[in-house]
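Each reported figure results from applying straightforward, stated rules to the coordinates on display, with no laboratory input. Computed from a predicted model, the values in this text were never measured in an experiment. Every residue, glycine as well, gets a Cβ built from its backbone with ideal geometry; the counts of neighbours run over all protein chains shown.
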Amino acid sequence: MAKQIDALMKVRDLPVGFTAKPGSTLEFKTGDWRSMRPKLDRGKCSYCGFCYIYCPDGVYQDMGKDEKYYKPDLDYCKGCGVCAQECPKHCIEMVLEEV
Amino acid sequence: MAAKPVGMEVSIAVSEAVMLCDADVVAAYPITPQTHIVEHLSELVADGKLDAAYIPVESEQSAMSSCIGSSAAGARTFTATSSQGLALMNEMLYRAPVLRTPVVMVIANRALSAPINIWNDHSDIMSVRDAGWVALFAENGQESLDMTILSFRIAEDPRVSLPLSLNIDGFTLSHFIEPILLPTREEVRAFLPPFRPIVKLDIADPISIGLLGTPESYTEARKATDDALTASKQVVSEAFAEFKKHFGREYRVVESYRAEDAETILVMMGSIAETAMTAVDEMRDRGEKVGIVRLRLWRPFPVEEFKAAVRHAKNLAVIDRHMVLGVPDGPVALEVKSFLYADEVRPNISNYVLGLGGRDVTRDDFWHITERAKQPGAGQRPRYELVGVME
């Protein structure tokens, strides 16, 4: 049902009212929109959580008290760079996405 | 059915019809000349005569947002607006058809600002003519009530499931007291089945609505909506036929008056046709072969029915109540000309714009238009005639 979001569909195959099952955005992997990728220097990271809070797409995941850092889910990260801009320790660098 | 008509303001008749249709939700913001409709509905809800949620929203944009949401939740939904209020709804108006939410909206047609003007013409509905709503025009008070009942039946038909606007001329209809035959609740219930939505927000079977349509699907989503709107014409005609069986009054998507043998046909929409009928009777008495073709259904445009109604005419005088600034024809004339362009034999089509911002439309105007439409070269005029303009 969510396939309509980024796959070609025939008019007659579209769900009436252009609806989808809830949560279908999870199937919409926006990571391939990215041209720059956040690269974390864990040595400088203070585990403050600014990247997690500021990320407009909520792609940062808390890796927990043992690991003490936040990791972006690159399936969804669009590479906007807000995390790198806001990081108080300047430990996130935006690097060119190599295909 | 009530045996005798009662004197009633048309706005009140429309509100009473919404009550008789058992609307579940009314979300509206008052604006002249629609005000009496929503004021009376608010009273009916407050007095317990209509078991509905009345949402006094803070703007028309919110009114239409609420309507789309409540319709998607399976509630029979009504709103009404005019002019600037319709303009403020614009963003939401384009969403309702694609989401297939059958909201019914009465538009008490009023001119768009500037200059600010509260009186009647068709510039408000014409500004949203492409939004994908079914659009009907009423001519008088009884039609306004009947079309309100029909609107719910047409919009909510599972083969349609589209929002519908019923256009009644501001003041000219909305504020006039007319004799009205008011049906009973039982009669309306026998005609109007309960609302069974084809798209429904349901906790037991959740769906998401209002989704992103990427370049891969936007075209197809628009086409699906256009297909549904185009197909709704058949349901409109069926609903009219069924209405006749229940209430005895007959309506067609395209109405004709003394047009069968007319050499000159006046094409129009809305309440001015009442005045035009009087003028046509006078002209007929003088031997003038003139008649009226009135579009009751504006969207989807009933092309075949319209062509059949005007096929034999020598001259078509298309009357518009709105100016398309920067274009030499009014909106109705533009479409009529394009539909007839491919025909081998087509009438002389001339266009007249009048009745803007509440300017009176008189019998003399129709005499004048008929004379002008018969003149040699009328079909070759480069632009519309703005009737009665002081230059």
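At a glance:
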item: Highest to lowest packing among B:15-23, A:76-84, scored as the average C-beta count within 10 Å; result: B:15-23, A:76-84
item: Cβ-based charge dipole, chain A, positive-most Cα from A:MET94, A:LEU26, A:TYR69; result: A:LEU26
item: Listed residues B:SER62, B:HIS36, B:ALA46: farthest to the positive end of the dipole of the stretch B:35-87 (Cβ charges); result: B:SER62
item: Normalised contact order of chain A, rounded percent, pairs of Cα under 8 Å and 6 or more residues apart; result: 33
item: DSSP-loop GluC sites (Glu not before Pro) across chain A, with at most 16 other Cβ within 10 angstrom; result: A:GLU97, A:GLU98
item: Cα gyration tensor shape for the stretch B:1-118, rounded if a/c is under 1.5, else prolate or oblate; result: oblate
item: Cβ-based exposure ranking for B:HIS312, B:HIS175, A:HIS90, in which fewest neighbours within 10 Å come first; result: A:HIS90, B:HIS312, B:HIS175
item: Between 0 and 90°, nearest 10: helix B:60-72 axis offset from chain B longest Cα axis; result: 60
item: Leading residue at positive end of dipole, the stretch A:1-85 (Cβ point charges), from A:ALA84, A:PHE50, A:VAL16; result: A:ALA84
item: Cα gyration tensor shape of the stretch B:277-391, rounded if a/c is under 1.5, else prolate or oblate by comparing a/b with b/c; result: rounded
item: Computed [θ] at 222 nm, deg cm²/dmol, the protein assembly as shown (DSSP H ≥ 4; -39,500 (n - 2.57); rounded to nearest 500); result: -10000 deg cm²/dmol
item: Principal axis dimensions, largest first and in whole angstrom, of the protein assembly as shown by Cα; result: 99, 56, 42
item: Charge dipole magnitude, Cβ of K and R +1, D and E -1 - the protein assembly as shown, Cα centre, debye nearest 20; result: 880
item: Loop-resident sites, the stretch B:23-81, for GluC sites (Glu not before Pro), counting at most 14 other Cβ within 10 Å (DSSP); result: B:GLU58
item: The stretch B:224-343 shape via C-alpha gyration tensor axes, a/c threshold 1.5; result: oblate
item: Convex hull volume per residue in cubic angstrom - Cα atoms of chain A; result: 118
item: Check: chain B dipole with +1 on Lys, Arg Cβ and -1 on Asp, Glu Cβ, in debye; result: 700
